[in-house]
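Read through the structure below, which is laid out as structure tokens, and then see the notes.
The values are calculated or read from the model by the stated rules, or taken from the named source; none is laboratory data. Quantities reported herein were computed from a predicted structural model and do not represent experimental measurements. Because the Cβ atoms are built from the backbone with ideal geometry, glycine has one as well, and the counts that use them run over all protein chains shown. Accessible surface areas use protein heavy atoms only, side chains included; no ligands, DNA or RNA. Shrake-Rupley method; radii C 1.70, N 1.55, O 1.52, S 1.80 Å.
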Amino acid sequence: METFLTELISKATDLMGSLGFISGFLLIIFESMIPVLPLAVFIALNIMTFGSLFGFILSWVATVTGCMISFYLCRKLRNKFEKKYGNNEKVKKFKKYINKLSYSNLVILIALPFTPAFAVNIAAGLTDIDAKKYFSALLIGKLPMVYFWGFIGKSLLESITDPYTIAQVIFMVLIAYLVSKLANKFIK
């Protein structure tokens, strides 16, 4: 089984390398809109194919781009959603919660590797969150998330059981929180 997986990864990185960086970019864009696709695998493949730095930057830019595309698609469909579900008490409560979410908490929510980005994109698109605020929160919050899935997330089990890895993720989330506090002063 290990040989099969090694061979599969080798063929995937060879294919992505021959197609160029656009293949890794598009995979992550599609993952942002189709949540069943494995983001961790795509980021790891980008890093294995294009190198640590370029693969990381490529994955970060692609995931922010994909999230913003999802956000704007939901923003476009917001009126239809409101007509159909706007009077539902659960929907009202959820929208109120998202609208009241502080900038720093939004960044933390985005930064957490296990937060379903697709759901956050939909929720943000359907609420009154300012697009610039959401974009800047994505720029900051996606850094530790991509770091986790890219450099650490090659093996999920390995990442969860390694205390050094967990400490790195906590450190990155803390940095994202502090940067979001600083950025919040400029956004208001």
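Here are some notes:
- Relative to the Cα centre, the charge distribution of the chain, modelled as +1 at Lys and Arg Cβ and -1 at Asp and Glu Cβ, gives a dipole magnitude of about 1420 debye.
- Counting every pair of alpha carbons in region 76-152, the share spaced more than 22 Å apart comes to 28 percent.
- Over the chain: helical MRE at 222 nm, DSSP H runs n ≥ 4 each giving -39500 (n - 2.57), nearest 500: -26500 deg cm²/dmol
- Given charges at Cβ of Lys, Arg, Asp, Glu: region 54-136 dipole, positive-most of Leu112, Val61, Val91: Val91
- Packing-based ranking of 79-89, 30-40, 131-141 yields 131-141, 30-40, 79-89, ordered from highest to lowest mean Cβ neighbour count within 10 Å.
- Quotient of Cα Rg and 2.2 N^0.38 Å for the chain, N being how many residues it contains: 1.09
- Accessible surface of the chain [probe 1.4 Å, protein heavy atoms]: carbon and sulfur percent: 70
- With the simple model of a label 7 Å out from the Cα in the direction of the Cβ, Val36 to Tyr164 spans 3.8 nm.
- At the residue level, Val61 shows approximately 60 square angstrom of accessible surface with a 1.4 angstrom probe and all protein chains present.
- DSSP H segments from the chain that extend 30 Å or more along their own axis, Cα-based, with Kyte-Doolittle mean of 0.5 or above: 52-76, 163-187
- Exceeding the 25 Å Cα-Cα cut-off - candidates Lys90/Lys181; Lys92/Lys133; Lys95/Lys132; Lys90/Lys132: Lys90/Lys181; Lys90/Lys132
- Between Asn79 and Leu26, the simple label model (points 7 Å from Cα in the Cβ direction) yields a spacing of 3.3 nm.
- The residues of the chain expose, per residue, 59 Å² of accessible area to a 1.4 Å probe.
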